[in-house]
Amino acid sequence: MTEVTAPKASLSGSEFAGEIRSKLKYQLGVDESSAKASDVYVAVASAVRDHLSDSWMRTRAEMVQGNTKAVGYLSAEFLIGRQLSNALLNVGLDEQFALAMKELGFDQDEVIAAEAEPGLGNGGLGRLAACYVDSLASLGVPAFGYGIRYRYGIFRQEFDKAGRQVEKPDYWLTQEEPWGHVDYHRSQRVGFGGTVQEHDGAKVWEPAWSVRAVPVDYPVPGYESGRVNTLRLWESRSYDEFDLSAFNDSDYMGAVVPQVEAENITKILYPEDSTPQGKRLRLEQQYFFVAASIHDAIATFYPGQEHPDLRTFPEKICFQLNDTHPVIGIPELMRVLLDEYGYDWDTAWDITTRTFNYTCHTLLPEALEVWSAQLIGELLPRHLQIIDRIDAQFVEGLENKGLDGERIDRMRILTRDGNPQVRMAFLATVGGLHVNGVAELHSQLLRDVTLKDFSDVFPERFTNVTNGVTPRRFVRLANPRLSALISEGLGTDRWMSDLERLQGLAPLADDASFVERFAEVKRANKRDFSVFAQQRYGFEVDPGTMFDSMVKRLHEYKRQSLKILAVIAQYAAIKDGTAGDMLPRTVFFGAKAAPGYAMAKLTIRLINNVARVIDADPDVAGRLQVRFPENYNIELAEHLIPATELDEQISQAGKEASGTGNMKFALNGALTVGTLDGANVEIRERVGAENFFLFGLEVEDVDRLYAEGYDPLSYVQADPRLRKAVDMVAGGVFSEGDRDVYASLVSDWLTKDYFMTMADFTAYMDIQQEVEDAYRDQARWNRSAILNVANSGYFSSDRSIKDYLERIWHTSPSPSSI
Ligand code: 26V
């Protein structure tokens, strides 16, 4: 029996077609018969936006008038992906869309694909922010996403003939972008540079220049919740459209310089992840969006009030700091309270520390942001003074607690050596109520290692919220076949907003006919992917092989090298006849490397060349293929994940904070081969050890090996398969005989190997043998895959948001008038 769900929009397909028709005619000025897919996309998106308008306005009004505390999710990245199909699903117009396209004679897939993907993030951190705004709206939590509307998102990746990554600008705004609504009335002035003056004992910051922050609002429709939250992305503009004096001196080009400089702030997303460069423009971006957002929140919750009582601010909104990127918001709120509203220090500090919370997304020490005090002083002189005082007060508190000087020095927010630095993670920990990691193991390591001094002194601040992903985009939209089967198996589609219901599938893992239908879903998804791959990338993929995927940013700690070395070893075994009747596989990689990260780029080149050599070798035909589609992005994830059978999560233990790809794969019925790292630990606990391929060193082993003096060479010498694979790379098999090409990579493997790829190689080869054995028993494999789906409901971002509400924000969904 199918349960009744919330009513969908009461509109027929024909009525929707009529709306689209009039959008084409009156908004786009194109004739229905000559409309291109991109025109239809704009017309449909505009029609959908009209349907959102009422709910959007009502949600905003309720947020301001209601007395439920709102959440401001501050993030430099929101990797939202295409909007149209998500919006159609969430407002309940997906069926009408299909009917309307049929009536109008357009191909719905082409229309959906005509939307440019907004790549406003690097990877996991940005995608997580997008999943969280989706869940906040779906749960009915009054919330804003606050971020930056970059003109250029993450670069488009291409490969050259030699297999090297080439970065191309991602100009995603070439065509009309129907979602963003520019709201000039909510512009904010953001200052930079200048000096701090004292007037009657009060400090006044006089910036040398300022820019106009203009909000571009994106609707975030909740799934069947009737709520539409706002993702407010700021764009920088100049106040001085033209410098008249320069123009009069006939310096036309010079006259537009301030405008160009102001607009540069939000021009481009930094494609680095994890290694902060300390760049001035990046600090400008951070301050720009955070300052605008804080002022915007005050304007929103105290409309028209000249003397608002900001002591109530923490009851109106709390800000979640997505990593350290928005942490400059802490001294900014202090400055606003002290200098603009005249509060005393203690009151301002009390308000501020009750407003902010900080999520840490890393364990790599080099990824913790640190800014030179000199740079902050140049750009934000008043903020540096405030940071200095926060630090002084903090140190005094530590002294009063009787901590020793060495420890206090280790904990300082502002270091006091020759080149003083501001440690943003420390500032965030001191300037807010809670600090959380993003998976159990990660939060534990934050307490025990990365932020140990702080956790010792303020244990009550530390907590965990394990990441999650939205089932709407990553199951329902990406995998319609599996979704239909799940709904049928459960007799309801309510799992989409209550993912723990997937548990109900567990008994069906022993139902032969359900298992067969599940297997057919995977096979059909694999066939679809092969067609997509052929059309999009021009390469052959054999859907009869096992699909084995490793898709994520390229980083040494994630160990794409381990995977490619294993592929090379397998290739060598095929060549020398020792591979036996190996299981035919297609190995997929998807990965962008930071443009300045030489080792990562060399790994990309190696993977491409291994793929090329294997492809050209007739001895391997039908047994092993490597496919590395360019430009891994949300769209590609949505195609590849549902078709994948084996997911690789093979980071060195203790390095991946969480991972979220692992959750998407498990929910789509792939089995994971992985280390005990990040959220893998929790996935394995839930899906069952027998349904997860665990291998490799654990955190304690890694620590012990470092302490003993790790020697990668000894592992290379001990395993002939590894020695052979490394020799082949070194000997030029994948570089047309040129031994220099991969020399730096090989030398790193043999002498440093910081992430212990060599030490884990043998275990990895052994587990791959187990994978093969398991896969040969298709009934057993599919049973495991179904149990992965059934037991992964915990990894919904709805659950994560509920954890944030309970453990950190102490607020709840707001009652709705609808
Ligand atoms: C750092 C930087 C530094 C400077 C320039 C730009 C930039 C952009 C992003 C980052 C943050 C890197 C941290 C990060 O992305 N962490 C990932 O967060 C995921 C969501 O929590 C998590 O699943 C991944 O394990 C973690 O690596």
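Summary of computed values
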quantity: Helical mean residue ellipticity (222 nm; -39500 (n - 2.57) per DSSP H run of 4+; nearest 500) of the chain; calculated: -13500 deg cm²/dmol
quantity: Pairwise label distance in nanometres, Val531 with Glu32, each label 7 Å out on the Cα-Cβ vector; calculated: 2.8 nm
quantity: Given charges at Cβ of Lys, Arg, Asp, Glu: the chain dipole, positive-most of Ala579, Leu750, Leu338; calculated: Ala579
quantity: Whole-Hz ³J(HN,Hα) from phi, Karplus 6.51 cos²θ - 1.76 cosθ + 1.60, for the stretch 312-322, glycine and proline x; calculated: 8, 3, x, 8, 8, 8, 10, 9, 9, 8, 7
quantity: Sorted peptide list for 597-607, 638-648, 682-692, criterion being average Cβ within 10 angstrom, highest first; calculated: 638-648, 597-607, 682-692
quantity: Shape of the stretch 644-706, Cα gyration tensor, a/c cut at 1.5; calculated: prolate
quantity: Alpha carbon centroid spacing (whole Å) that separates the stretch 129-171 from the stretch 195-272; calculated: 21 Å
quantity: Residues with amide H under 5 Å from that of Thr672, placed H, sequence gap 5 or more; calculated: Asp647, Phe693
quantity: Accessible area in the full protein assembly, largest first, 1.4 Å probe, for His185, His199; calculated: His185, His199
quantity: Spin-label pair Glu340/Thr174, simplified geometry with 7 Å Cα→Cβ offset, distance in nm; calculated: 4.0 nm
quantity: Residues whose placed amide H lies under 5 Å from that of Leu624, excluding near-sequence neighbours; calculated: Arg585
quantity: Most to least accessible of Glu460, Glu736 (protein chains only, probe 1.4 Å); calculated: Glu736, Glu460
quantity: FRET efficiency, Arg704 to His307 (Cβ-Cβ, R0 45 Å, nearest 0.05); calculated: 0.15
quantity: Extension reserve of the Glu378-Ala506 stretch, reckoned as 0.36 nm per residue once the Cα distance is removed; calculated: 40.1 nm
quantity: Area accessible to solvent at Lys522, 1.4 Å probe radius, in Å²; calculated: 20 Å²
quantity: Accessible area per residue, Å², the stretch 383-465 with all protein chains present, probe 1.4 Å; calculated: 41 Å²
quantity: Segment Glu488-Asp727, length gained on full extension (0.36 nm per residue, minus Cα span); calculated: 80.8 nm
quantity: Of every Cα-Cα pair in the stretch 713-796, the percent that sits beyond 23 Å; calculated: 47 percent
quantity: Shape of the stretch 92-197, Cα gyration tensor, a/c cut at 1.5; calculated: oblate
quantity: Relative contact order of the stretch 108-251, pairs being alpha-carbon contacts under 8 Å that are 6 or more residues apart, as %; calculated: 25 percent
quantity: Relative contact order, percent, the stretch 229-343 [alpha-carbon distance under 8 Å, six or more residues apart]; calculated: 21 percent
quantity: Efficiency of FRET between Asp773 and Lys102 - r from beta-carbon atoms, R0 30 angstrom, step 0.05; calculated: 0.05
quantity: Heavy-atom accessible area order for Asp760, Asp249, largest first, 1.4 Å probe; calculated: Asp249, Asp760
quantity: Calculated from backbone phi, Karplus (6.51, -1.76, 1.60) coupling profile of the stretch 581-596 in Hz, x at Gly/Pro; calculated: 9, 4, 6, x, 9, 10, 9, 9, 10, x, 5, 9, 10, 4, x, x
quantity: Amide H within-cut-off set for Tyr152, under 5 Å, with H built and near neighbours excluded; calculated: Ile268, Leu269
quantity: Calculated FRET efficiency for the pair Ser747/Tyr239, C-beta based, R₀ 41 Å, to 0.05; calculated: 0.15
quantity: Of all accessible heavy-atom area on the chain, the percent that carbon and sulfur account for (1.4 Å); calculated: 49 percent
quantity: Gyration tensor verdict on the stretch 640-794 (Cα atoms; rounded if a/c is under 1.5, prolate if a/b is larger than b/c, oblate otherwise); calculated: prolate
quantity: Point-to-point label distance, Ser10-Glu263, nm (Cα→Cβ direction, 7 Å offset); calculated: 4.7 nm
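The values are calculated or read from the model by the stated rules, or taken from the named source; none is laboratory data. All of these numbers come straight from a predicted model, not from anything done at the bench. Counting neighbours? That spans all protein chains shown, and the Cβs are built from the backbone with ideal geometry, glycine included. These accessible areas exclude ligands, DNA and RNA; they are computed on the full protein's heavy atoms, side chains included. Shrake-Rupley method; radii C 1.70, N 1.55, O 1.52, S 1.80 Å.
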